[in-house]
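One structure is given here, and the rest of the page talks about it.
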Amino acid sequence: MSLIMTGCASMGDAAPQAKRLDPALLDAGTAIAAAERDAGWPAADWWHAYGDPQLDTWIAAALAGNPSLAAAQARVREAQALVREAHAGELPQLNGSLSLMRQHWPDNVYYGPGPLADSNTWNNTGGLNLSYHVDLWGEDKNNTQRALDAAHARAADARAAQLAIEAHVALAYIDFAKNYALLDIAHAAYERQHELATLARQRLQAGIGTQLEVSQAEAPLPDYARQIDSYEEAIQLGRHQLAALAGKGPGAGDALTRPTLALNARAGLPSALPAELIGRRPDVVAARWTVDAQARGIDIAKAAFYPNVNLIASLGGLAVGGAFTTFLRAMNGGWSAGPALTLPIFEGGRLRAQLGAAAAGYDMAVEQYNQTLVGALKDIADSIVRLRSLDTQRKDAARAVALTRRTYDLSHTGFSRGLTDYVNVLLAQSQLLSAQENQTRIDAQRLAAHASLMVALGGGIEPQGDAARDGDGDGDGSAPAANAVADPAAAASAAMPQAPAATPTTAAPASAMPAATSSAVSARSAMLAARIPTATPASAAAMRAPLTPPAATAAP
């Protein structure tokens, strides 16, 4: 064995160089560290917090009909098939062959005279060929595991696509609701201006006003009407956008009614930030599975340097000349069996190049994982800062609306009593309209920021146990002990939902190999089939199942 190993090609110094970042060592920043803990754990159906059944229905429709999500699920099914294909390489291969040939023998100097001269015979052969690759170096096993890791990564990508659809629909719906609110403000402003124009004409008729005041009061009316038309257009475009997100034609959006969600709904920050949730982000999960798949690729490339052993056996019959069934007679049968050994000695650097490429692929996957992890923390921190800032802005905007409304009421009363001119009313009306629109936009931005935070946290998770259900318990802002993070690094290693068992790959017959080998292969086939991720869950809730971490693997 030592002589054989000495004769193998040299691996050289090809080795991975990248190092995975430890989430526990990353500085999360003051925004995340100081996040208030007043909202419990984010729910998987996080948009239900907005209290709009129409939004719930539309997101469900989008998940059922969006082409992008359907394509992502098709990629998962493709990865599943590749897992089964890779696993087939671990099993014995049994093939049959049959050749039926009718031959006429000529009567010439080469064949005659003789028993076959000028006769017709059958030259038939048939047989069974059995081969089994002895996986001494784990090449076949690692090939299957690499395909399985890649399938988990594609399943995580599908979850990311689903989360993106949920976010896009929620954000579009919030914008849809905002345009309805702005339309109300525009209608109210038009009515107030129309009332002021009527009051100006009454003052003119009473001899206490001027034609200039009437013109000043009527001049803004066309612009307010234009704003109404603009918001109605935006509402209709919003219907089209929501219909497209659901994978439907523009006409489907006509079924949408006015949203019932309140733009000023409470949208607090979730507790347990960030370690318990960052590892559940689908993009982080997919990146981690990709790293594991690339690590398997290095092991596969290393196995190519070692001897390759195959067990080969054949059984069959051969008959040159004779009747149709002559080759089936026992006297014409034969068999062969034995090992076949191949040994790489000189490959011109091909194997080292393959190993170097595998190591570089691993480095790229690790750096992509590191970038994804850093980006995830940034997304969370940005969303928290934005949400906290919009909370403050919302309070300021509410005060601005109250003050400008009071100013408008005073100027309107003074104008109606002849105590002030119209310029003050016009200015107060403009300030009130601006303040109301600003407040509405800030409320919408705040809900959108909350939705973005839920997406940054990976779409939320379902509470586990009573401690999680009582996350904000007595309202004192403290996080429950059950939610504490003992190992952020382990939490950030989270991966994919455990899938229902798939159809096991059929093992070779027990007679084709030793009983112990047959049992082991059959058991492994069943175990592997149960681990293949599912591409088409029974419901959207199934795709939002809590994610579980891949087994920790050391860097090659």
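Between residues in region 86-110 that are acidic (Asp, Glu) and residues that are modelled with pLDDT under 85, which pairs lie under 8 Å by C-beta distance while being six or more apart or on different chains?
From region 86-110, the pairs are Glu90/Val521; Glu90/Arg524; Asp107/Pro113; Asp107/Ala117; Asp107/Asp118.
Matching residues to (1) within 56 Å of the chain's Cα centre (by Cα); (2) among the aromatic types (Phe, Trp, Tyr); (3) not assigned by TED's automatic domain parsing to the domain that holds Ala448:
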residue: Ser383; (1), (2), (3): yes, no, no
residue: Arg386; (1), (2), (3): yes, no, no
residue: Ser389; (1), (2), (3): yes, no, no
residue: Ala397; (1), (2), (3): yes, no, no
residue: Arg405; (1), (2), (3): yes, no, no
residue: Tyr408; (1), (2), (3): yes, yes, no
residue: Arg417; (1), (2), (3): no, no, no
residue: Thr420; (1), (2), (3): no, no, no
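Filter region 186-240 down to the residues that are basic (Lys, Arg) and within 18 Å of Ser416 (Cβ to Cβ) and list them by number.
Those that are basic (Lys, Arg) and within 18 Å of Ser416 (Cβ to Cβ): Arg192, Arg201, Arg203.
Would you pick out the residues in region 149-206 that are in contact (Cβ under 8 Å) with a residue 24 or more places away in the chain and among the charged types (D, E, K, R)?
Asp149, Arg154, Asp157, Arg159, Glu166, Asp175, Lys178, Arg192, Arg203 - these are the residues of region 149-206 that are in contact (Cβ under 8 Å) with a residue 24 or more places away in the chain and among the charged types (D, E, K, R).
Does Ala225 count as modelled with pLDDT of 90 or more, buried (at least 16 other Cβ atoms within 10 Å of the Cβ) and assigned by TED's automatic domain parsing to the domain that holds Leu427?
No; evaluated as a whole, the condition is false for this residue.
Restrict the check to region 377-394 and report whether at least one residue is over 21 Å from Arg446 (Cβ atoms) and surrounded by 15 or more Cβ atoms within 10 Å (Cβ to Cβ).
Yes, there is a match, as at least one residue in region 377-394 is over 21 Å from Arg446 (Cβ atoms) and surrounded by 15 or more Cβ atoms within 10 Å (Cβ to Cβ).
The values are calculated or read from the model by the stated rules, or taken from the named source; none is laboratory data. These figures come from a predicted structure and were not determined experimentally. All Cβ positions, even for glycine, are placed from backbone atoms using ideal geometry, and neighbour counts span all protein chains on display.
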